[in-house]
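J.: Please see the structure below; I have some questions.
The values are calculated or read from the model by the stated rules, or taken from the named source; none is laboratory data. In this text, all values refer to a predicted model and were calculated from it rather than measured experimentally. Positions of Cβ are generated from backbone atoms using ideal geometry, with glycine treated the same way; all protein chains shown enter the neighbour counts.
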Amino acid sequence: MRFKAPTLLHSLAYAMAGIYFMLRTQRNIKIHLTAGFLACGLGVWLGLSLRDFADITIVIGMVVMAEMFNTAVENAVDLATHRRHPLAKAAKDVAAAAVLIASMVAVIVGVLLLGPEVVARLRWSV
């Protein structure tokens with residue numbers, strides 16, 4: 001039997017519970033969010049264009065969502081079996097790899113958008 005939220009407000013409450021669960025239990029989401037806030041702060045300091053800010057926001061969201069999907073996969077696999085199984089390991093490894101790739105893309109985008117301006121500012125201060 002499928003569970004369905006009775007109202008849109010209930011759906012929102014469940015989503016907020018998911019965010020709270022992530023913040024309460026997952027160390028890596030805190031790392032990703034800290035890096036994202038630092039990138040945004042650096043972008044404000046550098047006076048990034050709105051388009052560049054949009055790009056940074058998209059990749060931050062991509063990393064956070066990948067981490068959430070990774071946690072969902074890990075929890076679902078753990079619920080399905082407590083035994084070691086090659087497919088369970090593969091599912092968890094692939095979900096973790098998705099987070100790694102999303103993080104690497106975010107770093108590349110951050111370096112491309114923030115790097116030149118940071119270097120220019122550092123040259124001025126020397």
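J.: Condition first: among the small types (Gly, Ala, Ser) and in contact with a helix residue (DSSP H, G or I) (Cβ under 8 Å, 6 or more places away or on another chain). Now tell me which residues in region 79-112 satisfy that.
T.: Selection gives 80, 88, 91, 95, 96, 98, 102, 103, 106, 110.
J.: Would you point out the residue of region 36-64, among those that are without any contact (Cβ under 8 Å) to a residue 12 or more places away in the chain and among the aliphatic types (A, V, I, L, M), that is surrounded by the fewest Cβ atoms within 10 Å (Cβ to Cβ)?
T.: The extreme case among them is 50.
J.: Of a type in the set (A, V, I, L, M, F, W, C), modelled with pLDDT of 95 or more and either surrounded by 13 or more Cβ atoms within 10 Å (Cβ to Cβ) or in contact with a Cys (Cβ under 9 Å, 6 or more places away or on another chain) (or both), is that true of residue 118?
T.: No: the conditions fail for residue 118.
J.: Can you pull out every residue in region 65-92 that is of a type in the set (Asp, Glu), over 12 Å from the mean Cα position of the chain (by Cα) and surrounded by 12 or more Cβ atoms within 10 Å (Cβ to Cβ)?
T.: Matches in region 65-92: 74 only.
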